[in-house]
1. Looking at 125, 113, 96, which is the one that is in the same structural domain as residue 154 (by TED's automatic domain parsing) and modelled with pLDDT of 95 or more?
2. I need a count of the residues in the range 52-95 that are assigned to a strand (DSSP E or B), in contact (Cβ under 8 Å) with a residue 40 or more places away in the chain, over 21 Å from residue 30 (Cβ atoms) and under 20 Å from the mean Cα position of the chain (by Cα).
3. What strands (runs of 3 or more DSSP E) lie completely within the range 96-167 and have 3 or more residues being at negative phi and touching a residue at least 60 places away in the same chain (Cβ under 8 Å)?
4. Against the definition (surrounded by 14 or more Cβ atoms within 10 Å (Cβ to Cβ), closer than 30 Å to residue 175 by Cβ, touching a strand residue (DSSP E or B) at 6+ places or on another chain (Cβ under 8 Å) and modelled with pLDDT of 95 or more), how does residue 36 come out, yes or no?
5. For the range 146-176, name all the residues that are in contact with a helix residue (DSSP H, G or I) (Cβ under 9 Å, 6 or more places away or on another chain) and at pLDDT below 90.
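The values are calculated or read from the model by the stated rules, or taken from the named source; none is laboratory data. It should be emphasised that the depicted structure is a prediction, and the values quoted were computed from it without experimental measurement. Don't worry about glycine lacking a Cβ; one is built from the backbone with ideal geometry, like all the others, and counts go over all protein chains shown.
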């Protein structure tokens, strides 16, 4: 007796379909040290003017532990950046870049303004321009491929003292999902 005759066709086809669907779905990106557990390893930093602004990597206070802290007084910028490959370019794929952030006024009694600006491949947007003391997730979707992410704390001139915390930077390349509905019978019919 043939073992295949003892089991229905779907018993053999279902594992193949599931493995193909799961393997073709996603690819992680090469973001290095997105949790900042190894300090600034993999990241480029800059501060201008360097005597007023800084980028540091505290080991407690993040979500959950280590994080990047961009902070300073007066006017200027503190920047954190990294280039990485998020999947293979081309095709119907999307790279979802996420990270957590907080923006807070270090001198609550002083008036002043600051913002977090995010640039992906040179295209910049202002993420937040007011105090955001709780961890918040930012999400950006771009085509898969090589990307450069820049996160910048911009402090306006004056008697300002601001900080921005950044943590859990991730990127994930995934294929777009076909919106054509199929019944189970239609899927089985494709493999008969």
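1. On the way: 125 fails: modelled with pLDDT of 95 or more; 113 fails: modelled with pLDDT of 95 or more.
The match here is 96.
2. First, pick out the residues of the range 52-95 that are assigned to a strand (DSSP E or B): 53-56, 68-73, 76-86, 93-95.
This time we only want the ones that are in contact (Cβ under 8 Å) with a residue 40 or more places away in the chain, so: 53, 68-73, 76-86, 93-95.
Those left that are additionally over 21 Å from residue 30 (Cβ atoms): 53, 69-73, 76-78.
Now restrict to residues that are under 20 Å from the mean Cα position of the chain (by Cα): 69-70, 78.
Residues flagged as assigned to a strand (DSSP E or B), in contact (Cβ under 8 Å) with a residue 40 or more places away in the chain, over 21 Å from residue 30 (Cβ atoms) and under 20 Å from the mean Cα position of the chain (by Cα) within the range 52-95 amount to 3.
3. Numbers: elements: 114-120, 123-128, 132-143, 145-155.
The qualifying strands (runs of 3 or more DSSP E) are 145-155.
4. Details: surrounded by 14 or more Cβ atoms within 10 Å (Cβ to Cβ): yes; closer than 30 Å to residue 175 by Cβ: yes; touching a strand residue (DSSP E or B) at 6+ places or on another chain (Cβ under 8 Å): yes; modelled with pLDDT of 95 or more: yes.
For residue 36, the condition - surrounded by 14 or more Cβ atoms within 10 Å (Cβ to Cβ), closer than 30 Å to residue 175 by Cβ, touching a strand residue (DSSP E or B) at 6+ places or on another chain (Cβ under 8 Å) and modelled with pLDDT of 95 or more - is met.
5. The initial filter retains those residues of the range 146-176 that are in contact with a helix residue (DSSP H, G or I) (Cβ under 9 Å, 6 or more places away or on another chain), namely 174-175.
Residue satisfying the conditions is 175 alone.
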